[in-house]
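Each remark here refers to the structure printed beneath this line.
The values are calculated or read from the model by the stated rules, or taken from the named source; none is laboratory data. Note that the structure is predicted; figures quoted are calculated from it, not measured. We place every Cβ from the backbone using ideal geometry, glycine too, and count neighbours over all the protein chains shown. Heavy atoms of the whole protein, side chains included, go into the accessibility calculation; ligands, DNA and RNA do not. Shrake-Rupley method; radii C 1.70, N 1.55, O 1.52, S 1.80 Å.
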Amino acid sequence: MDVYEAVTSRRAVRGFKNEPVSRTVLERVLSAAAWSPSGSNIQPWNTYVLTGAPLVELKTCAVERVAHGDRWDERQYEMYPPVLKSPYAERRSAFGKERYSALGIAREDWEARQRAAIANWNCFGAPAALFCYIDRDLGRPQWADVGMYLQTVMLLLRAEGLHSCPQMAWSQVRETVAEVLSPPDGLILFCGMSIGYEDPAVSSARTGRAPLHETVTFVG
């Protein structure tokens, strides 16, 4: 698989087979991802990988917590601005419509939407998950470095025939994650990432992208 194919075939998959992912493959992916760029090569990512019994434990605790309606953990960063301006608000709205339409869920069916949301904390059935932390004392450029690292991980997973789903939703139950991972106090959980082989039986929509002229300006 070349780089273009990896980029265009990568998407947030929300349905995985119960097929184990080789630790050898995960180590190969993460060893290569370590070459991701970062300012002054400080490599600000702190990654935890869960499989097997520890992942089952985390899924069970997180799903039960959300299903019981427990309060979210206090945010350590703002996922979206309180008021999302145009064109970003329209793009987010379009994503929601495409996502729930693919699942056959009507806009007004709040209960079905909640059930679909809870699947986040079951990793959509994935047998492996990654949790990425960043030191709370680092700044916005280092958060950007973490984003480049995660993109590299996702592209390398595609090269291995795997899919993924990055999930900021895990930051909302960060204390539950910490009970399993025991990260140092100075780290902030940025996101989780479900990893595995796609289950083609699960309905999904490939979200569109803005035309080039909306996001790119050529000069000269």
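A few notes on this one:
- Scope the stretch 64-76; condition among the hydrophobic types (A, V, I, L, M, F, W, C) and open to solvent by less than 40 Å² (accessible area, probe 1.4 Å); matching residues: 66
- Condition met for residue 65 (closer than 21 Å to residue 189 by Cα and touching a Ser or Thr at 6+ places or on another chain (Cβ under 9 Å)): yes
- Residues in the stretch 21-42 that are in contact (Cβ under 8 Å) with a residue 40 or more places away in the chain, open to solvent by 50 Å² or more (accessible area, probe 1.4 Å) and of a type outside the set (A, V, I, L, M, F, W, C): 28, 37.
- Odd one out for residue 18, checked against (1) open to solvent by 90 Å² or more (accessible area, probe 1.4 Å); (2) under 19 Å from the mean Cα position of the chain (by Cα); (3) without any contact (Cβ under 8 Å) to a residue 40 or more places away in the chain; (4) more than 20 Å from residue 168 (Cβ to Cβ): (3)
- Unmet requirement for residue 44, which otherwise passes all of (1) closer than 29 Å to residue 205 by Cα; (2) touching a Ser or Thr at 6+ places or on another chain (Cβ under 7 Å): (1)
- Against the numbered list (1) among the hydrophobic types (A, V, I, L, M, F, W, C); (2) open to solvent by less than 80 Å² (accessible area, probe 1.4 Å); (3) in contact with a Ser or Thr (Cβ under 8 Å, 6 or more places away or on another chain), residue 1 comes up short only at (2).
Okay, residues lined up against (1) of a type in the set (D, E, K, R); (2) open to solvent by less than 10 Å² (accessible area, probe 1.4 Å); (3) closer than 25 Å to residue 8 by Cβ; (4) without any contact (Cβ under 8 Å) to a residue 40 or more places away in the chain:
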{"site": "136", "(1), (2), (3), (4)": "yes, no, no, no"}
{"site": "139", "(1), (2), (3), (4)": "no, no, no, yes"}
{"site": "143", "(1), (2), (3), (4)": "no, no, no, no"}
{"site": "154", "(1), (2), (3), (4)": "no, no, yes, no"}
{"site": "158", "(1), (2), (3), (4)": "yes, no, yes, no"}
{"site": "162", "(1), (2), (3), (4)": "no, yes, yes, no"}
{"site": "174", "(1), (2), (3), (4)": "yes, no, no, no"}
{"site": "181", "(1), (2), (3), (4)": "no, no, no, no"}
{"site": "189", "(1), (2), (3), (4)": "no, yes, no, no"}
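- Verdict on residue 203 being open to solvent by less than 60 Å² (accessible area, probe 1.4 Å) and either assigned to a loop (DSSP other than H, G, I, E, B) or in contact (Cβ under 8 Å) with a residue 12 or more places away in the chain (or both): no
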